[in-house]
Amino acid sequence: MSVKKIKPLPLDKILFSQGFGTRRHCSNLVFAERVKVNGALIDNPELLIALEDLILEVEGVEWAYQEKAYVTFHKPMHYECSHKTKHHPSVFTLLPPPLVEREIQCVGRLDQDTTGLLLMSDDGQFIHQMTTPKKNIGKVYKIQTAELITSAQIEQLLNGVILDDDPKPCFATQCSQEAEHQIVMTIVEGRYHQVKRMLAAVGNHVIELHRSAIGNYQMPADLLEGQWRWLSLQDIEKLYSR
Ligand code: URA
């Protein structure tokens, strides 16, 4: 079997692809000796660079080359998942500028008062696969409720509830009670305020909402609120597995 060789690319083009500004700005960074490639200072922006295991250092900050960006982020409370926010700061203000510059998007939105696992990417196909209900990828939420949870409510959530914008019922694919006012529920769709509306439909009310996992990928316990990291290939496999 032949292994496809990735073509080396000019350094300024690589920097541009990683979100370090316009091609001209990237060239100027190299001319100004602000860029290292695998530890070596380079002053020629047109130098062809191999992409395999490439580590850039731009203005003193290390940056592993990523053809596409796949990011896991721990969303804090009171941040909005859009660029044009209404009442709270944007989650994008918590990311390094190159990620924002390369137009990374949220993979499905969380409400401003929801915390937890938020994926981000600039790969449109990945975003679609993670969000389409057709792929059956479960999103797991830990839910704190105002009213006592009853087994009838859990049954209703599993059997399907009707929300006001769609006659098709909405199901929890899994739902278990953790405490008197706490359940863990998995859904595969991402309708607007879906969890809150499902709980309201069974006569309860969400007071805290936290997303802990997608597929078999759990948010890393050591990823603190507001922090991000690259997803590894193994993480991405877990996202797709059930
Ligand atoms: N469902 C909601 O109601 N809010 C979220 O943020 C995510 C799912």
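Nothing in this text is a laboratory measurement; each read-out follows from the coordinates by a stated rule. The structure presented is a predicted model; accordingly, all values stated were derived computationally and were not measured. Quick reminder, even Gly has a Cβ in these numbers, built from the backbone with ideal geometry, and neighbours come from all protein chains shown.
Things worth noting here:
- Selected residue (only one of Thr186, Thr173, Thr145 is out of contact with any Ser or Thr (no Cβ under 9 Å at 6 or more places or on another chain) and among the hydroxyl-bearing types (Ser, Thr, Tyr)): Thr145
Here is a yes/no grid of residues against (1) within 13 Å of the ligand (Cβ to nearest atom); (2) buried (at least 16 other Cβ atoms within 10 Å of the Cβ); (3) closer than 26 Å to Gln105 by Cα; (4) in contact (Cβ under 8 Å) with a residue 40 or more places away in the chain:
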residue: Lys139; (1), (2), (3), (4): yes, yes, yes, yes
residue: Thr145; (1), (2), (3), (4): yes, yes, no, yes
residue: Arg197; (1), (2), (3), (4): yes, yes, yes, no
residue: Ala221; (1), (2), (3), (4): no, no, yes, no
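- The stretch 170-186, subset surrounded by 16 or more Cβ atoms within 10 Å (Cβ to Cβ) and in contact (Cβ under 8 Å) with a residue 40 or more places away in the chain, residue nearest to the ligand (Cβ to nearest atom): Met185
- Meets criteria (crowded, with 17+ Cβ neighbours inside 10 Å and over 24 Å from Pro76 (Cβ atoms)) for Leu157: yes
- Residue list for the stretch 24-58, restricted to those being among the charged types (D, E, K, R) and either within 22 Å of Ser121 (Cα to Cα) or in contact with a strand residue (DSSP E or B) (Cβ under 8 Å, 6 or more places away or on another chain) (or both): Glu33, Arg34, Lys36, Glu46, Glu52, Asp53, Glu57
- Being surrounded by fewer than 19 Cβ atoms within 10 Å (Cβ to Cβ), touching a residue at least 40 places away in the same chain (Cβ under 8 Å) and away from the ligand (no atom under 14 Å from the Cβ) is a description that does not apply to Glu189.
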